[in-house]
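Colleague: Input: one structure, supplied below.
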Amino acid sequence: MATVDHAPPPPAVDVRDLVAGYGDTRVLDGVSLHVASGELLAVLGGNGAGKSTLLKVLLGLLPVEDGQVHVFGLDPRASSAEVRRRLAFVPEQAAVYPHLDAIENLDYLLGLAGHARDPARIAAALRAVGLAEAAWRRAAGTYSKGMRQKLLLALADLRGSDLVLLDEPSSGLDPGATAELADRLRRWRAAGKAVLMVSHDLAAVGALADRWLWLARGRVLREGRGALPGPRAWR
């Protein structure tokens with residue numbers, strides 16, 4: 001009897017020799033990285049290193065000039081609907097509808113994604129990310145950055161996203177909100193979600209990431225696991 005060869009599933013993110021930029025300006029120049037399910041990768045680097053450009057490529061918003069980019073084995077531009085169904089993006093400036101409250105925001109955004117209305121699940125997700133119940137019916141325009149971020153983290157949970165992209169997630173957060181974010185990331189990792197976060201803040205991500213890499217001038221300068229090197233290593 002013939003055996004069936006079951007190929008392993010593709011990684012959540014697989015980037016090989018990526019070249020991308022804007023017009024004649026090359027921003028990423030031969031970048032390679034991967035993120036497996038249940039893994040958290042921190043992409044570090046200063047301003048202009050190419051972190052935001054990398055996110056745009058993964059979201060299918062920017063074309064690949066050379067190299068290969070796959071999200072769960074799919075081209076993020078050619079298969080944009082399927083890729084976006086499986087991922088969630090939390091930008092540095094968490095954008096929500098300011099005139100809607102937390103529940104209305106989630107109701108509306110989930111509806112756009114084709115999810116049925118489920119008030120009980122929404123309430124459970126808001127509790128899970130630590131958004132105080134007293135704020136659920138307040139207009140989101142009155143929220144702090146940390147509160148808006150919690151709203152989008154709850155959305156990622158509700159959509160069942162397999163991959164979460166985070167842009168400078170700890171920027172502007174107080175210590176309590178940073179600790180809550182760290183707890184949420186650990187829970188996602190334990191649940192098998194893949195997480196890729198970009199940041200310039202070494203201290204904030206060092207204890208969280210399974211692996212890290214440092215971008216400089218569009219190239220991977222260093223990468224590793226565990227404790228981050230001292231400041232001199234990044235020069």
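Colleague: How long are the semi-axes of the equivalent ellipsoid of the chain, taking √(5λ) for every eigenvalue λ of the Cα gyration tensor, in whole Å from largest down?
Modeller: Semi-axes (√(5λ), whole Å): 29, 23, 18.
Colleague: Check cross-link reach from Lys145 to the lysines: straight Cα distance under 20 Å, and skip same-chain residues fewer than eight apart.
Modeller: Counting by Cα, and skipping residues close in sequence, Lys145 has no lysines nearby.
Colleague: Could you give the angle, 0 to 90 degrees to the nearest 10, between helix 102-112's Cα long axis and the longest principal axis of the Cα atoms of the chain?
Modeller: With rounding to tens, the tilt is 60 degrees.
Colleague: Continuing with the same structure: Helix 145-159: angle to the longest alpha-carbon principal axis of the chain, degrees 0 to 90, nearest 10?
Modeller: 80
Colleague: Here's another thing I want to ask about it. What is the angle, in °, between the Cα long axis of helix 175-190 and the longest principal axis of the Cα atoms in the chain? Nearest 10 is fine, range 0 to 90.
Modeller: 70
Colleague: Also: Return the tail of the calculated pair distribution for region 146-202, meaning the percent of Cα-Cα pairs more than 13 Å apart.
Modeller: Of all Cα-Cα distances in region 146-202, 60 percent exceed 13 Å.
Colleague: Continuing with the same structure: Calculate the all-directions average of the projected area of region 8-83's alpha-carbon convex hull, and give it in nm².
Modeller: In nm², the orientation-averaged hull projection of region 8-83 is 5.2.
Colleague: What do the square roots of 5 times the Cα gyration tensor eigenvalues come to for region 117-186, in whole Å, largest first, as semi-axes of the equivalent ellipsoid?
Modeller: Result for region 117-186: semi-axes of 18, 16, 11 Å.
Colleague: Determine the distance separating the Cα centre of region 109-139 from the Cα centre of region 8-39; give it in Å without decimals.
Modeller: Distance between centres, Cα-based: 33 Å.
Colleague: Something else: Can you work out the base-10 log of I(q)/I(0) for region 18-152 at q = 0.09, 0.13, 0.16 1/Å, using the Debye formula on its C-alpha atoms alone?
Modeller: Evaluating at q = 0.09, 0.13, 0.16 Å⁻¹ gives log10 I(q)/I(0) of -0.36, -0.71, -0.96.
Colleague: What share of the DSSP beta bridges in the chain is antiparallel, in percent to the nearest 5?
Modeller: 55
Colleague: What three numbers, in Å, describe the spread of the alpha carbons of region 83-163 along their principal axes, ordered from the longest?
Modeller: Cα spread of region 83-163 along its principal axes, largest to smallest: 32, 28, 22 Å.
Any read-out appearing in this document is the output of simple, stated calculations on the displayed coordinates, not a laboratory observation. In this text the structure is predicted, and so the values were computed from the model without any measurement.
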